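Contents: one structure, followed by commentary.
What follows draws every value from the coordinates through simple rules; no lab data is involved. From a predicted model like this one, the values you see are computed outputs, not experimental measurements. Methodologically, a virtual Cβ is constructed for each residue, glycine included, from the backbone with ideal geometry; neighbour enumeration extends over all protein chains shown.
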Amino acid sequence: MEIIWASFLGIIQGLTEFFPVSSSGHLTALPWIINFRDPGLAFDIALHAGTLVAIILALKTDWITLTKSLFDKKAQSEHKLIGYLAITTIPAFLAGYFLETKAETIFRSPLLVAATLSVFGAILWAVDTYLGQKDEIDKMDPKKALLVGLAQACAIIPGVSRSGATVTAARALGFSREASVRYSFLAALPVIAGATVFGLKDVPLAELTSSAWLFGFAASLIVSFWAIKFLTKYVTKHNFNIFVFWRFGLSALIILIYLAR
């Protein structure tokens with residue numbers, strides 16, 4: 001049962017980390033909905049490690065290009081992009097450092113998750129429908145990078161969605177769906193890597209080699225890789241409405257169960 005549950009949560013993490021529906025919201029709500037115990041910090045790290053490896057593999061061409069640019073003085077556009085990604089990352093790191101305790105306690109209220117799923121889903125729909133333009137990543141600048149970073153920092157609250165917040169902010173700043181999603185993916189790596197490394201300090205080595213850890217890691221990696229490829233292609237022809245409905249549906253389910261208990 002433990003392995004099945006671990007694999008299931010790995011699948012949920014893989015789907016929801018990169019879709020704009022909030023992985024933390026799902027991983028907070030689902031154990032509460034079915035009265036299953038919280039799998040703990042070690043397992044959270046396994047899921048994050050899976051998504052980390054997936055984004056490295058799925059965007060390997062981007063990472064190779066950016067890494068090579070560090071040794072090429074003429075690669076000005078890549079140097080700027082690295083700088084923008086660094087700016088975008090700072091607010092999330094600060095939020096994680098100062099609000100870690102609240103993120104693990106107060107922010108995990110089921111009703112708060114339901115509220116953030118709905119509110120930020122509505123904002124995503126409104127921005128994508130009425131404000132989004134067609135700018136590409138080369139139109140990014142330090143101010144826009146900071147604004148996307150501030151939005152990303154809000155995702156410390158379960159239900160907001162890191163990918164949802166960054167995509168919404170990028171769309172509001174005039175970027176195309178494709179550019180918004182790509183920048184969101186690129187900005188995810190340092191944040192997910194930071195969360196993974198930071199969490200390792202509190203976990204005994206024995207817990208990192210359990211069968212549940214390995215199954216959760218594998219499921220998260222495989223599904224995350226697919227989700228990145230799927231969303232990259234999906235947004236070339238579709239809007240984000242399906243994900244907005246997804247958020248509303250989970251929010252409604254949480255509220256109904258809360259009222260019934």
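Key figures
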item	result
Translational diffusion of the chain, µm² s⁻¹ [Kirkwood Rh, Cα pairs; Stokes-Einstein; 25 °C; 0.890 mPa s]	132 µm²/s
Per-residue Cβ neighbour rank within 10 angstrom, fewest leading, Thr88, Thr28, Thr101	Thr101, Thr28, Thr88
Relative contact order, percent, segment 26-185 [alpha-carbon distance under 8 Å, six or more residues apart]	26 percent
Student exercise, the chain dipole from Lys, Arg, Asp, Glu Cβ charges, in Debye to nearest 20	580 debye
Cα-based convex hull, segment 1-138, per residue volume (Å³, whole number)	150 Å³
Principal-axis tilt of helix 142-153 within the chain, Cα atoms, nearest 10 degrees	0 degrees
Which of Ala252, Ile4, Ile34, positive extreme of dipole for segment 2-260 (C-beta unit charges)	Ala252
Where labels lie 7 Å past Cα in the beta-carbon direction, separation of Phe230 and Arg37 in nm	3.1 nm
For the chain, with +1 on Lys and Arg beta carbons and -1 on Asp and Glu, the positive-most of Ala126, Ile242, Val197 along the dipole	Ala126
Arg37, Arg171 arranged by Cβ crowding within 10 Å, fewest neighbours leading	Arg37, Arg171
Greater than 18 Å apart at Cα, pairs in Lys60/Lys229; Lys139/Lys237; Lys80/Lys139; Lys80/Lys143; Lys134/Lys237	Lys139/Lys237
Alpha-carbon centroids, segment 95-142 and segment 1-35: separation in whole Å	18 Å
Acute angle (nearest 10 degrees) that the helix 177-200 long axis makes with the longest principal axis of the chain, alpha-carbon atoms	50 degrees
Sorted by Cβ neighbour density within 10 Å, fewest at the top, the residues Leu231, Leu256	Leu256, Leu231
Only Lys, Arg (+1) and Asp, Glu (-1) charged, at Cβ; segment 158-261 dipole about Cα centre in debye	400 debye
